[in-house]
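Novice: This structure is in structure tokens; I'll ask about it shortly.
The values are calculated or read from the model by the stated rules, or taken from the named source; none is laboratory data. Being a predicted model, the structure only gives us computed values, none of them experimental. Cβ atoms come from the backbone with ideal geometry, glycine included; neighbour counts cover every protein chain shown. Side chains are part of the model used for accessible areas, which takes the heavy atoms of the whole protein and leaves out ligands, DNA and RNA. Shrake-Rupley method; radii C 1.70, N 1.55, O 1.52, S 1.80 Å.
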Amino acid sequence: LTYNWRTFVSGEIVIDRSTLYSPNVYLEQLPGDSIWNYQYVFPTPERAPGEVPAPRLIMFNDARIVNGMAVVRIPFEPDENVQVSDTSRNVIEAVPGGYAKVLRFDSVNGIMSRVVWESPIEPGKLIDIRSLSGKGFIWREPVRLTDMRGTVTVRDTIIAFDMANVRLPSSQAAMVGRVIMEEGNNFFDVRVDGKSFTFRDMKWLYPTLPNEGGGSGTLRIQSQRPSGVLWLATDT
């Protein structure tokens with residue numbers, strides 16, 4: 001870490017440079033939990049009725065991750081009408097209280113030019129990604145990310161992202177969208193402009209794609225209410 005001690009004296013936390021070597025991060029909300037594990041570690045301070053907390057600046061500049069690993073566990077409560085084929089690609093673990101769906105990200109290397117965790121100017125969080133690579137297991141088949149650049153913002157229950165450059169081994173795209181967390185569900189609206197893609201890079205999304213071939217085009221993936229997902233391909 002490098003920092004200016006004067007910012008701590010003034011009540012701010014500004015880290016000018018930080019590097020995490022081989023960090024292991026676990027984010028969990030297990031069955032029966034009402035909050036995430038990190039909210040137990042960093043609870044919201046108790047305040048008098050009507051008291052409005054004064055936000056301060058908490059910011060990291062030039063934050064780097066070397067060979068990181070992250071695991072996300074969320075409660076898995078299948079509908080009674082669910083079929084085995086609907087969940088066969090998910091990674092499910094038995095945990096205290098029931099079952100959890102597991103997302104894992106390995107070999108994560110990244111540079112964040114700026115991370116604003118708290119700001120007196122406006123609420124929310126901001127992450128500027130200069131470069132990011134790694135291997136993700138959203139389902140059983142891994143997706144290999146060779147590079148990603150863009151911005152992520154978090155405000156209330158909305159996560160928005162604008163990725164100007166997303167690269168897989170033989171594919172390149174731009175991606176913009178948002179995820180709204182509402183009543184225990186995630187509703188998303190994502191647009192992917194694929195400059196070029198190969199089917200081999202997309203098998204994590206749809207395993208029955210052939211190994212050969214590819215193309216280009218625009219893909220819209222949008223949650224439908226009350227249920228369902230819209231997949232719309234244009235200029236493909």
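Novice: If each of Arg140 and Leu27 carries a label point 7 Å out from its Cα toward its Cβ, how far apart are those two points in nm?
Specialist: For Arg140 paired with Leu27, the spin-label model returns 2.5 nm.
Novice: Reachable lysines from Lys101, Cα under 19 Å, same-chain residues fewer than 8 places away excluded?
Specialist: Within reach: Lys135.
Novice: As an exercise, use a Förster radius of 35 Å and the Cβ-Cβ distance of Thr208 and Ile35 to find the FRET efficiency, rounded to the nearest 0.05.
Specialist: Approximately 0.35, to the nearest 0.05.
Novice: Using helices alone, I'd like the mean residue ellipticity at 222 nm for the chain: each DSSP H run of four-plus residues gives -39500 (n - 2.57), total over residue count, nearest 500.
Specialist: Details: 4 runs with 18 residues, N = 236.
Value at 222 nm, helices only: -1500 deg cm²/dmol.
Novice: For the modelled label position 7 Å from the Cα of Ser88 along Cα-to-Cβ, which residues of segment 191-215 have backbone nitrogen atoms closer than 16 Å?
Specialist: Taking a point 7 Å out along Cα→Cβ of Ser88, the residues of segment 191-215 whose backbone N falls under 16 Å are 204-209.
Novice: For the chain, with all protein chains present and a 1.4 Å probe, just round the carbon and sulfur fraction of the accessible area to a whole percent.
Specialist: Roughly 56 percent, rounded to a whole number.
Novice: Among residues other than Asn67 whose Cβ falls under 12 Å from its Cβ, what is the net charge (Lys/Arg +1, Asp/Glu -1)?
Specialist: Net local charge, Asn67 excluded: +1.
Novice: Counting only Cα, what are the radius of gyration and maximum Cα-Cα distance Dmax of the chain, in Å?
Specialist: Expressed in Å, the Cα Rg and Dmax of the chain come to 19.9, 63.
Novice: While we're here: Taking springs between alpha-carbon atoms closer than 10 angstrom, which of Arg104, Arg149, Arg225 fluctuates most in the Gaussian network model of the chain?
Specialist: Greatest mean-square fluctuation among the candidates belongs to Arg225.
Novice: Any chance you could run the full-extension gain for Arg220 through Val71? It's 0.36 nm times the residue separation minus the Cα-Cα distance, nm to one decimal.
Specialist: Extra length from Arg220 to Val71 when fully extended: 50.9 nm.
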